[in-house]
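Nothing in this text is a laboratory measurement; each read-out follows from the coordinates by a stated rule. Predicted model only: the values in this text are computed from it and were never measured. Positions of Cβ are backbone-derived with ideal geometry, glycine not excepted, and every protein chain shown enters the neighbour counts.
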Amino acid sequence: LPRVLSGIQPTAGSFHLGNYLGALRQWVALQETAEAFYCVVDLHAITMDWDPEELRQNTLTAAAQLLALGVDPARSTLFVQSHVPEHVQLSWVMECLARFGEASRMTQFKDKSQREGTAGSSVGLFTYPVLQAADILVYQADEVPVGEDQRQHLELTRDLAIRFNGRFGETLTVPSARIPEGAAKVLDLQSPEKKMSKSLPPAGCVLLLDDPKVTAKKIRSAVTDTGREVVADPEGKPGVTNLLTIHSALSGRGIGELEEHFAGRGYGDLKKELAEVVADFVTPVRQRTQELLDDPAELQRTLGQGAARAREVAARTVADVYEKVGFLPLA
Ligand code: TYM
């Protein structure tokens, strides 16, 4: 079986529709055909300002949502990144292989360092993609299901694996990104020239744990385009196209079919129906997430079992890498 790894940050409690359609939907589907490792990347969540109590709670909420969305701990290894110290152990070696120049080219760092400025950002924010590479390489993953915004980080991961293998001999699997065909980049409802993200104002970002009434309001207020026809046109009508893309991804109906369905009707009809489609999807997910959060001890047991399984695999890679780079074995 191919091996798959992916991770998600536990930021701000709830995942959003972009996370689900770009990445998590693939996570669930891949369990059927791959040996999957999925982690909540709490180490990545401290690269920018954070609150310790919120982080702890958000990590549990993230795990509960993953289970509610269909990640099955009997088939996949679900764990919390900080429970598996091998990620950091491999990351240091990768930091010493990665070049300052290549890390400087990462567009996510350029975006995320804008608030504090380069000089005021943490070193962790700068080396973030190297830790991400270690997350992937430590499991010898073949494929990494992610949204479009992670493409550059996956290229860096491949470069680091190839560099390591070239210098020390075949050791690390060179992974490929698995980016979905549709909805690889869900756009913000208020600023449809940007990707949906929690770092933008909340009105443009549909959270899975939002009350469906809030969601309906966000969708109703979504920025649409001039004109009246409900047709997909990514250049001319990015807002409407985004709504159609979300509808299509959740309802399973093709874009062409939806265009016919809405022929002669306006943007209001599209928004109303989309709000219903989203509500049908999130309602059971919200319920199940809440049930799982009602028993945090059980949730933590599941995560503990996942971490133990993950460590078995990760420890083998670290042992191999440490031997190859010349660290003295512990006698
Ligand atoms: P994160 O936590 O920002 O996002 C999790 C996943 O959601 C995808 N995504 C989107 N897809 C489509 N449209 C959007 N608007 C959208 N916003 C987010 C992301 O592409 C991602 O797949 N660096 C990663 C976390 C990470 C990771 C890893 C991923 C750490 N280690 C190892 C894969 C493998 C991140 O910040 O994702």
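Considering only C-alpha atoms, what is the centroid distance from the range 193-256 to the range 116-176, in Å? Cα centres, the range 193-256 to the range 116-176: 31 Å. Every helix of 4 or more DSSP H residues in the chain counts as -39500 (n - 2.57), and over all residues that averages to -16500 deg cm²/dmol at 222 nm.
By the compact-protein rule of thumb, 2.2 N^0.38 Å, the alpha-carbon radius of gyration of the chain corresponds to a ratio of 1.04. Out of Gly124, Asn58, Ser113, whose Cα points farthest toward the positive end of the dipole of the range 26-133 (charges: +1 Lys, Arg; -1 Asp, Glu; placed on Cβ)? After comparing all options, I get Ser113. The DSSP beta bridges internal to the chain are antiparallel in roughly 20% of cases.
Mean silhouette area of the range 178-225, derived from the convex hull of its C-alpha atoms and averaged over all directions, reads 4.1 nm².
As a ratio to 2.2 N^0.38 Å, the alpha-carbon radius of gyration for the range 182-301 is 1.15.
In the chain, the longest principal axis of the Cα atoms and the axis of helix 123-137 are about 80 degrees apart.
About the Cα centre of the range 239-312, what is the dipole size in debye to 20, counting +1 per Lys and Arg Cβ and -1 per Asp and Glu Cβ, all else neutral? Intermediate values should be presented prior to the final figure.
Numbers: 9 positive and 12 negative charges, 49 e Å.
Rounded to the nearest 20 debye, it is 240 debye.
Extension gain for Glu298 to Glu32 (0.36 nm times residue separation, less C-alpha to C-alpha distance): 93.3 nm. Spread over its residues, the convex hull of the C-alpha atoms of the range 259-331 is 196 Å³ per residue.
If you scale each eigenvalue of the Cα gyration tensor by 5 and take the root, what three semi-axes come out for the range 94-152, rounded to whole angstrom and sorted largest first? All intermediate terms of the calculation are to be shown ahead of the outcome.
On the way: eigenvalues 96, 39, 17 Å².
Listed largest to smallest, the semi-axes of the range 94-152 are 22, 14, 9 Å.
Which of the pairs Lys110/Lys198; Lys110/Lys272; Lys110/Lys217; Lys185/Lys324; Lys112/Lys185; Lys110/Lys213 have their Cα atoms more than 27 Å apart in this structure?
Values: Lys110/Lys198 17 Å; Lys110/Lys272 37 Å; Lys110/Lys217 32 Å; Lys185/Lys324 39 Å; Lys112/Lys185 18 Å; Lys110/Lys213 35 Å.
Pairs exceeding 27 Å: Lys110/Lys272; Lys110/Lys217; Lys185/Lys324; Lys110/Lys213.
Charge dipole (Cα centre; +1 on Lys/Arg Cβ, -1 on Asp/Glu Cβ; no other charges) of the chain amounts to roughly 340 debye.
A simple charge model with +1 on the Cβ of Lys and Arg, -1 on the Cβ of Asp and Glu and nothing else charged puts the dipole of the range 51-179 at about 300 debye relative to its Cα centre.
Compared with the rule-of-thumb size 2.2 N^0.38 Å for a compact globular protein, the range 58-200 has a Cα radius of gyration ratio of 1.13.
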